[in-house]
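The values are calculated or read from the model by the stated rules, or taken from the named source; none is laboratory data. Keep in mind that this is a model prediction, so the values were computed, not measured. All Cβ positions, even for glycine, are placed from backbone atoms using ideal geometry, and neighbour counts span all protein chains on display. We work out accessible area using only protein heavy atoms, side chains counted, and drop any ligands, DNA or RNA first. Shrake-Rupley method; radii C 1.70, N 1.55, O 1.52, S 1.80 Å.
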Protein chains: 2
Amino acid sequence: MEFQQNLDHEIVRNERFEKVADQLKPTLHRENVEVARLVEVEKDEGKIHGWGVREIDSGAALEDKVLGKGDSIILDFNDHLVGYLKLDVKPVGSPPDAPLHLKLTFGEMPVEVAEPFSNYKGRLSSSWLQEEIIHVDVLPQVLEFSRRYSFRYLKLEVLDTSPKYKVSFTKAVVETVTSADKEKLVPAEYKDNELAEIERISNKTLLDCMQDVFEDGPKRDRRLWLGDLHLQAQANYVSFQNNDLVKRNLYQFAAVPNQHGQVSANLFIAPTLIPDDTFLYDYSLLFTSTLHDYYEATGDKETLVDLWPTALRQVELGIERLDENNIVIDDETWWSFIDWQGDLNKQAPSQAILLFVLRKAIALAEALEKKAEQEKLAEALERITQATVEHLWDEEQGFFISGSDRQVSWASQVWMVLAGVLEKEDNQQLLKRLLKDKEAVGMNTPYMHHHLVEALFISDLKKEALDWIKMYWGGMVRDGADTFWELYNPEDKEFSPYGDHIINSYCHAWSCTPTYLLRKYL
Amino acid sequence: MEFQQNLDHEIVRNERFEKVADQLKPTLHRENVEVARLVEVEKDEGKIHGWGVREIDSGAALEDKVLGKGDSIILDFNDHLVGYLKLDVKPVGSPPDAPLHLKLTFGEMPVEVAEPFSNYKGRLSSSWLQEEIIHVDVLPQVLEFSRRYSFRYLKLEVLDTSPKYKVSFTKAVVETVTSADKEKLVPAEYKDNELAEIERISNKTLLDCMQDVFEDGPKRDRRLWLGDLHLQAQANYVSFQNNDLVKRNLYQFAAVPNQHGQVSANLFIAPTLIPDDTFLYDYSLLFTSTLHDYYEATGDKETLVDLWPTALRQVELGIERLDENNIVIDDETWWSFIDWQGDLNKQAPSQAILLFVLRKAIALAEALEKKAEQEKLAEALERITQATVEHLWDEEQGFFISGSDRQVSWASQVWMVLAGVLEKEDNQQLLKRLLKDKEAVGMNTPYMHHHLVEALFISDLKKEALDWIKMYWGGMVRDGADTFWELYNPEDKEFSPYGDHIINSYCHAWSCTPTYLLRKYL
């Protein structure tokens, strides 16, 4: 997916909604974490990205290390952290007769503190790479960094002091931040240690992404995306239960639709609430599903009443894109996300998401006792479902096809199952066929893998679902994940849709869902 | 001169003196300066360092420039400034979906914004090179830089934004700081425009170096050196007359001598008052001369009484270094500054400075009516003067010689004249011979050239003195100086004692003296 720009879109701002959202701004929970150990990175082809980590000393030994020009040291905080760094530095030798010139590199993964960022050749902005180069004029000094970082490893490199003095770092503390309250985490017990570990990391991933809003990734893009929110909210209901944060984010999306009433794919919160000029067919529809899940989890009718028109509008817009056959028009003018998968045709999965969301909308109309709208939506569901079977189901192959090239993809089958286009028994058969298929276009993100696992669970393929979780999220654990990653393809572990895996996010909201899947379906 | 380190020196702190100094902390005068024009640098072998400047647009045009990844622009503030930058930056295009990564390079001279600092190979710390690399997470933003910079040119380089947006700099303002009060500048009139311009730049140089203390250079080293203070104070008495700043700095030096009572060559003010572990024979002696001049300018007897013991002690220490012939011992154990001149033997000029300072000490003893001390000092002056003529005067050459190699240098002759070793008539002849001499070891700093010019003036060589000012300081003006430079050798304009002229200071205290020389001797 290249970058989408809509410079002429208009924002229709709902100030009351924005105010409701502002009033729900969360208080962040803060905790101090000290450096655990000092490490070196070393080439290791057996490790992800080819980099291993070796302990060289305890964290307490940091203060005794003396660093001069060209010296560096890597601090390991022993877990993924999101927060603010405070670094105490003192001079060693003569009084400092020149500033300290210091470079800091923050890494979620060893590769980030092992390979120079100057090698970066990806398509996303290099400004996401977490590094700072600072001058310190007065020593000793307590350096308080105002930017928030997402990292486990911190590399400190002394670019220069002067021939007369060196420096020691006498303390390194990170004040972590999250709007998740650990105390409120609903307990869960697993006999299976592997699942217990996967769930622990799921919760940690969610916790690190819960900030002022549900962020997609605290390293990058640090903002509220609908596709991520849809899954984070589901994980949240069964874990930290900060339901007001979901409410806040729903009101934020509803506060700034465009002139057609479509909600943006993502929002910026600072300096003010600004919708991105990126619109995605599937993401806008997922607003409605997110509202549905929120109402189901909370019974908050007031919010439902407020946001129903926005939710309904997304469905209407989804339907407006159908052709005379009631099939989503697939041309150059639209954007639908589905997965980071360059080969993927988006038509069939998008059609399925429309159906998936129609079901949620009908349930909401029913809750609101909006009979006329409910009937209209039910009629649409039936009509579009029939059209889907008629035009997108390939009886011969036993798969749904997508686009003019009649592409068979995992995404299409998975979403059609979630949309309930076929009967349960047929869905189960479809998924069984899919699991054996080697030809279908595959999946690259935990986001898409989540939908597969949920499709397996609801099709009574519990063993297959658990095996998949252990294969996929368990694979990340075996590859050293402290939090779950934005991208993971077990067949191609260096995969990045951005052209360089160093820019990938290694703590990503849409990867946090095992906690939801396990707690709901086990 | 290599770096001097005395890690075992002890500081004998006088808290009362420190308190007096603290109470005299100046209030800084602040003024806002906006960008004057936008420029490009271009190779020009006719210009200093080979770089010329070409105007490309007005300062007001800045806000219309749109800069994306890899774009840069150079702002010219049209004069040398010392202060704090405030930069307004706004996004252009889509909402910023990645941080702005921005590099700022501050230059006193075009070369600093023309050649990359990564080429720097000098001996002084590269941390003095004025650049910052920052990330801006939220746009628009008013960037307020907390470090003080010394510059005329500011290069802004956009390292990255994102494919979806660029930036414009809508405002660039520098809040200048100085403890000199422009309103108090004693007026002076010159019929000669060249001298008027030289004086204007002298005053500007002094003003930019007058901060919390008399700094040597606001770019580097930004601190209080005795050799600079000695001249700055003299320039100050005839111009801005902030005499309390001299008093403050004298008390600061006297507050932190070492265990032998010697004052340091320079002081650090932050985080607390700390003397450097560098001690210079000549600089310590100049404390006494600085106190003398301060008393002469102010008549402040209370300060004289307080600081006399420190002043006397410097002279005693100077005398302690004499051998049995009453000549300063020249060996590997000492450091005397005199000039940035690698070939220079320091013995004779140091001997002369001892005599020069002895005269000042005698005057102070007289003012204090310390008869016994006065007589003792007078006896020393006579004894050492006789020894100087006997051992360091080479009748055959008609020059003072220095060191075991009997070196003839400009520094030796100049300081011997200032010390009054010979009669006035003989001094005049000596200087006339010197001006024609091609063999003597020459001078590299305005500091040394200042002493030559003062020697010419007091030897009634007024025309030669003025010609020298026009040749030397006028040469800097013709070479584009906005403020006078730390180093200037008209025969070798790229000269740097640090191995790279990019680290030279282009606004340096010891170069500000034409205002003193012209006002005193014209």
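Brief remarks follow.
- In the B-A interface, the accessible area buried, summed over both sides, Å² (probe 1.4 Å): 3200
- When peptides B:166-173, A:222-229 are sorted by average Cβ neighbour count within 10 Å, with the highest value leading, the order is A:222-229, B:166-173.
- Proximal aspartates and glutamates relative to A:LYS25, as straight alpha-carbon distance under 15 Å, when same-chain residues fewer than 8 apart are discounted: A:ASP181, A:ASP212, A:GLU215, A:ASP244
- With R₀ fixed at 51 Å, the C-beta to C-beta distance from B:GLU390 to B:ILE274 puts the FRET efficiency at about 0.75.
- Minimum 40 Å² accessible area buried by the other protein chains, the stretch B:266-281 residues, probe 1.4 Å, relative to alone: B:PHE268, B:PRO271
- Length-normalised contact order of the stretch B:30-178 in % [C-alpha pairs under 8 Å, at least 6 apart]: 41
- Computed over Cα pairs, the Kirkwood radius of the stretch B:329-477 leads via Stokes-Einstein (0.692 mPa s, 37 °C) to a diffusion coefficient of 204 µm² per second.
- Under a model in which nothing but the beta-carbon of Lys, Arg (+1) and Asp, Glu (-1) is charged, the stretch B:30-178 shows a dipole of about 300 debye around its Cα centre.
- Solvent-accessible area of B:GLU34 with every protein chain in place, 1.4 Å probe, in Å² to the nearest 10: 110
- Given charges at Cβ of Lys, Arg, Asp, Glu: the protein assembly as shown dipole, positive-most of A:TYR447, A:PHE240, B:ASN78: A:PHE240
- Where only C-alpha atoms are counted, convex hull volume of the protein assembly as shown per residue in Å³: 188
- Stokes-Einstein translational diffusion, chain B - Kirkwood Rh over all Cα pairs, 0.890 mPa s, 25 °C, in µm²/s: 100
- Degrees between helix B:371-392 axis and first principal axis of chain B (Cα, 0 to 90, nearest 10): 90
- Sorting B:139-148, B:421-430 by their mean Cβ neighbour count within 10 Å, with the most densely packed peptide first, gives B:421-430, B:139-148.
- Helix axis angle, B:424-436 relative to chain B longest principal axis, alpha carbon, degrees: 50
- Excluding ligands, DNA and RNA, the accessible surface per residue across the protein assembly as shown is 38 Å² with a 1.4 Å probe.
- Segment B:LYS19..B:GLU382, full-extension length gain: 126.8 nm, with 0.36 nm per residue of separation and the alpha-carbon distance subtracted.
- Average Cα contact separation per residue, the stretch B:183-304, under 8 Å, 6 or more apart, as relative contact order %: 22
- Accessible surface of the stretch B:187-327 [probe 1.4 Å, protein heavy atoms]: carbon and sulfur percent: 47
- The stretch A:400-459 - percent of accessible surface contributed by carbon and sulfur, probe 1.4 Å: 43
- Neighbour net charge for A:ALA387 - beta-carbon separation under 11 angstrom, K R +1, D E -1: -3
- Counted charge near B:PRO257, where neighbours are those whose Cβ lies closer than 10 Å (Asp, Glu -1; Lys, Arg +1): +1
- Per residue convex hull volume, Cα atoms of the stretch B:30-178, in Å³: 118
- Here is how the number arises for the protein assembly as shown: DSSP H runs of 4 or more residues each give -39500 (n - 2.57), the sum is divided by the residue count, and the result at 222 nm is -12500 deg cm²/dmol.
- Distance from the axis that maps chain B onto chain A is least for the Cβ of the chain B residue given, with the whole Å value, as B:ILE133, 2.
- Chain B - percent relative contact order, Cα under 8 Å, separation 6 or more: 17
- Here the simple spin-label model places points 7 Å from the Cα toward Cβ, and for B:GLU425 and A:ALA363 these points are separated by 11.6 nm.
- Annotation: amide H-H contacts under 5 Å for A:LEU143 (H modelled 1.01 Å from N, sequence separation of 5 or more, or interchain): A:LEU87, A:ASP88, A:VAL89.
- Charge tally in the Cβ shell below 10 Å around A:GLN232, where Lys, Arg are +1 and Asp, Glu are -1, A:GLN232 excluded: -3
- Each peptide among B:277-289, A:369-381 gets the average number of other Cβ atoms lying within 10 Å of its residues, and from highest to lowest they stand as B:277-289, A:369-381.
- Positions from the stretch A:1-28 whose accessible area shrinks by 20 Å² or more when the full protein complex is built, not the chain alone, probe 1.4 Å: A:PHE3, A:GLN5, A:LEU7
- Principal-axis analysis of the Cα atoms of chain A puts helix A:410-419 at an angle of about 60° to the longest axis.
- Gyration tensor (alpha-carbon) shape descriptor, the stretch A:260-381, a/c threshold 1.5: oblate
- Cα-based Rg and Dmax for the stretch B:438-522, where Dmax is the largest Cα-Cα distance (Å): 12.8, 38
- Peptide B:121-127 has a mean of 6 when you count, residue by residue, the C-beta atoms of other protein chains within 10 Å of its C-beta.
- Distance in nm between pseudo-label sites at B:VAL173 and B:ALA372 (7 Å out along the Cβ direction from Cα): 6.3
- Peptide B:83-94 shows a mean partner chain C-beta count of 1 within 10 Å per residue C-beta.
- Among the listed pairs A:LYS171/B:LYS219; A:LYS90/B:LYS121; A:LYS346/B:LYS164; B:LYS247/B:LYS493; A:LYS155/A:LYS247, those with a Cα-Cα distance over 28 Å are A:LYS171/B:LYS219; B:LYS247/B:LYS493; A:LYS155/A:LYS247.
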